[in-house]
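Here the structure is laid out as structure tokens; the discussion comes afterwards.
Read-outs: derived from the displayed coordinates by stated rules, not from any lab. No experiment lies behind these values; they were computed from the predicted model shown. Cβ coordinates were reconstructed from backbone atoms using ideal geometry, including for glycine residues, and neighbour counts include every protein chain displayed.
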Ligand SMILES: NC(=O)C1=CN([C@@H]2O[C@H](COP(=O)(O)OP(=O)(O)OC[C@H]3O[C@@H](n4cnc5c(N)ncnc54)[C@H](OP(=O)(O)O)[C@@H]3O)[C@@H](O)[C@H]2O)C=CC1
Ligand SMILES: Nc1nc2c(ncn2[C@@H]2O[C@H](COP(=O)(O)O)[C@@H](O)[C@H]2O)c(=O)[nH]1
């Protein structure tokens, strides 16, 4: 690992435009045999996604990953999505009961199209065993394993059978892993992504630290096939959780999956809660993301995401915002 850098340290360099309109640029991406409208997936967190949001995303051609925090509802969720002719994408952990859950899916004939193993420290024998268990019992499921932050981890999880790996330990907005343990990719997530992508032979999902839509294009440049986002998707009309008013502003909660609020106890807490301003309809944000990504593709001199993968860049050392705010 030579130089480290993060999203704010990089600017992509414009190349000659080959389209007459940004609408000609195609931001769709293929993953696990499906084509999705954007290389973006809302985080599998309880204040970001629920069954309604998952349904809306799947129906409209977006990728989603349902969280794993109401485990008893997962079978009904898979059945419901399949009855509607939609793909099912769920999360699992690595505790003992999850092994039985996978076996139950097999015996009842319910194979989710996507299964994400959602663990803080994904470079572990526990995750390797779970990948192997899923691949043995549900070989038709596309397995996403994480989270990791090194090439060794990517190689080991791929070797165990993972179809994609998720990179990002500690860059999240409600993450306190970096503060409580001293570990992670917080502050150098983009460099960690590049490091991991060089070792990967399968898709990588960049997870955490996305603060602007331009960071999505940068993630693609540094090796991501898909980008997982929490905070930018928090606070919408459809986001789970109460909306309340403070000082004339509408707010919504966003909390970490390893926070006290999620766990219901103060044990191994590595996440916090914050309040975000109410943002309106989720579809409006998705549409703006799509437009911004189409524009990014045009600046890269192409008409598909491929153009972003090889575009030139410079390091600007935290100066690109010049004190400006996005809005
Ligand atoms: N991306 C990120 O940076 C992070 C994400 N998270 C999110 O928080 C949620 C909870 O994660 P997690 O605590 O892993 O899930 P769980 O609470 O389900 O723990 C999974 C299992 O792994 C064990 N475990 C957890 N962390 C470690 C570790 N560092 N070393 C050894 N064993 C460990 C736990 O045992 P025990 O509890 O006894 O140790 C438990 O048996 C997830 O949704 C995860 O994505 C959390 C932190 C960082
Ligand atoms: N260290 C922790 N990381 C967490 C926790 N809950 C979720 N996450 C990770 O954050 C991203 C979202 O990041 P954002 O910058 O887009 O908001 C999410 O996908 C998880 O990987 C937590 O409690 N602790």
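If you average the sequence gap of Cα pairs under 8 Å that are 6 or more apart and divide by the length of segment 122-210, what percent do you get for the contact order?
Values: 159 pairs, mean separation 26.0, N = 89.
Relative contact order comes out at 29 percent.
In degrees from 0 to 90, rounded to the nearest 10, what is the angle of the helix 96-108 Cα long axis to the longest principal axis of the chain? Tilt of helix 96-108: around 80 degrees. In whole Å, how far is the Cα centre of segment 132-165 from that of segment 232-250? Segment 132-165 and segment 232-250 have Cα centres spaced 35 Å from each other.
Assuming a viscosity of 0.692 mPa s and a temperature of 37 °C, what translational diffusion coefficient in µm² per second does Stokes-Einstein assign to segment 132-272, Rh being the Kirkwood radius over Cα pairs? Before the final figure, lay out each step's value.
Values: Rh = 16.4 Å.
The calculation lands on 200 µm²/s.
Sorting 294-304, 65-75 by average packing, meaning the other beta carbons within 10 Å per residue, from highest down gives 294-304, 65-75.
Here each label is just a point 7 Å from Cα along the line to Cβ, and for residue 180 and residue 309 those points are 3.8 nm apart.
A Förster distance of 45 Å, applied to the separation of the beta-carbon atoms of residue 137 and residue 295, puts the FRET efficiency at 0.55.
Across the chain the C-alpha pair distances fall into 10 Å bins from zero in the proportions 6, 26, 36, 25, 7, 1 percent. Using Stokes-Einstein with the Kirkwood hydrodynamic radius over Cα pairs, what translational diffusion coefficient do you get for segment 1-130 at 25 °C and a viscosity of 0.890 mPa s, in µm²/s rounded to a whole number? Diffusion coefficient, whole number: 142 µm²/s. Annotation: extensible slack from residue 24 through residue 73 equals 13.6 nm (criterion: 0.36 nm per residue apart, minus Cα-Cα distance). Tilt of helix 125-137 relative to the longest C-alpha principal axis of the chain, in degrees (0 to 90, nearest 10)? It is inclined by approximately 70 degrees.
Put a dot 7 Å past the Cα of residue 155, heading toward its Cβ, do the same for residue 273, and the two dots end up 4.3 nm apart. Annotation: peptides 235-248, 170-183, 206-219, ranked by per-residue average of other Cβ atoms within 10 Å with the highest first, follow the order 206-219, 170-183, 235-248. Structural descriptor for segment 1-66: relative contact order 24 percent, calculated from alpha carbon pairs under 8 angstrom and at least 6 residues apart.
Our summary gives segment 160-244 a relative contact order of 29 percent, counting only alpha carbon pairs under 8 angstrom and 6 or more residues apart. Computed from the C-beta positions of residue 13 and residue 288 and an R0 of 22 Å, the FRET efficiency is 0.40 to the nearest 0.05. Please give the helix 151-160 orientation as an angle from the longest Cα principal axis of the chain, in degrees from 0 to 90, rounded to the nearest 10. Its long axis makes an angle of about 40 degrees.
For the chain, what does -39500 (n - 2.57) per DSSP helix run (n ≥ 4), summed and divided by total residues, give at 222 nm, in deg cm²/dmol to the nearest 500?
Numbers: 11 runs with 106 residues, N = 327.
Theoretical 222 nm ellipticity from helices: -9500 deg cm²/dmol.
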